[in-house]
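Novice: Take this structure, written in structure tokens, and hold onto it; I'll ask about it next.
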Amino acid sequence: MEMSQGKKYFLVGLLGFMFSAAYLLPYIKYVFNDALIAGLGITNQQSGMLLSVYAVINAITLIPGGYISDKYSQRKIITVSALGTGIITIIFAFNMNYTMALITWTVLGFTTIFAFWGSVIKAVRMLGTEDEQGRLYGFYAGFQGVVNTVVALGAAYVFSLFAAQADGLKSVLIMYGSLNILGAVMFWVLYPKELDVSDENAEPISVKDLITVLKMPATWLLSLIIFSIYGVFSGSTLMTSYVTDVLLITGTVGTLIAIFRTYIARAIFSPVGGILSDKTKKPSKNIMISSIITAALIVVLMLFGKQLGNIGALLVIIASSITIYMNFGVMWATSEELKIPRKLYGSVIGVASIIGYAPDFFMHAMFGSWIDQHGADGYRFIFMFLIFLALIGVVTSFVISQKSKKEA
């Protein structure tokens, strides 16, 4: 269907907004952990347990959720999921206790992952042609960076209006829930029905269906690309700690570097990566080049570090942030290059997400143990692992590029 560029990118932005809004409560401890502990009267361990419960539900629901996102309308799934997230968030705001928190984080595993995850990624893909996938996913990731920045500042302001942490947290939760409900209403009204790709008459998923998806080389290549790019992205968050622990840069400069890495680089360079990807019409080639540069920059940081001087080391960190986010914005765009059938896309997303986001299950604990055991030298092990992940991206993107050439 024909759609104006303005409406198309507004919808991409809306999907980025909804995706960001969905994870405000599940990961609230990263911003308001002290308030959460005080408001619920719990320990740090119990706070961490909420995310553990959430992670278990995620792992269980991703594959069946992918099937559901293939079978039913993305418009319906995304709207119902966002409404569910908004409602449970507001209910929790008025019933803040640990039992209700466990119930809430369990429900969030279904409303923010299950079929919602695959449906959002699929809905972005459906908004454009094969030649637009890089830009669509790049701007989608970029909009998330903008939304995260604006919402974080807004939530901090709302929280600051109250003397008691519990009252501030309650108001922030109401804000979070309202944003999800607003997104649901806007999406239901504005997302074209014609873009839905579903098969409501499809047979229930079977072991045979899952084996078919697992036998597709494209499933594994996409999984490895996500594993590489997401692993480097997630692991590189420790660059902020490196600036403080090794370079001994604290205060305003350290904060500005963290803000650039977390928000500004994502908002600017994810779309840039998408635009460049569409110009070359080969996301895999761009990923390969960016991964090589990323690996080289981390090698420089690992070998020379403090010898570069603070300005030199910070420039290397900034440059690596740019290439990391250029990849992060287009990692899902390889789906079109791999020619994954759109009706199977949700199921493939489920498998690729479990494998691709696996670094979260082990990587940060591993990195933490290296720093605990080796101090500042622990970052050398971390950098070696990130280089290894980047090289997985180089090899996998090369294989995808060669595969698409043969099938052209």
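Computed from the coordinates by the stated procedures, all read-outs in this text should not be read as laboratory data. These numbers were taken from a predicted model, which means no experiment stands behind them. Cβ sites come from the backbone with ideal geometry, for glycine too, and all protein chains shown count toward neighbours.
Novice: How many percent of the alpha carbon pairs in segment 205-408 exceed a separation of 27 Å? Write out the running numbers ahead of the final one.
Specialist: Details: 6725 of 20706 pairs.
The proportion of pairs with Cα distances above 27 Å equals 32 percent.
Novice: Still on this structure, I have one more. Hey, can you rank 80-89, 390-399 by average C-beta count inside 10 Å, highest first?
Specialist: 80-89, 390-399
Novice: Starting from the Cα of residue 403, draw a straight line to each of the lysines and keep only those under 23 Å, dropping any in the same chain fewer than 8 residues away.
Specialist: 122, 215, 279, 281, 282, 285, 339, 343
Novice: Moving on to the next point. Tell me the label-point distance for the pair residue 355, residue 391, using the 7 Å Cα-to-Cβ offset, in nm and rounded to one decimal.
Specialist: The answer from the label model is 2.0 nm.
Novice: Exposed loop sites here are GluC sites (Glu not before Pro) in DSSP loop states with at most 14 other C-beta atoms within 10 Å. What is the longest stretch of the chain lacking them?
Specialist: The longest uninterrupted stretch comes out as 201-408.
Novice: Each label point is 7 Å from the Cα along the Cα-to-Cβ direction; what then is the distance between the points at residue 307 and residue 153, in nm?
Specialist: 4.1
Novice: At a Förster radius of 22 Å, what calculated FRET efficiency corresponds to the Cβ-Cβ distance of residue 46 and residue 241, to the nearest 0.05? Don't jump to the answer; show the numbers that get you there.
Specialist: On the way: r = 25 Å, r/R0 = 1.13.
FRET efficiency, residue 46 to residue 241: 0.30.
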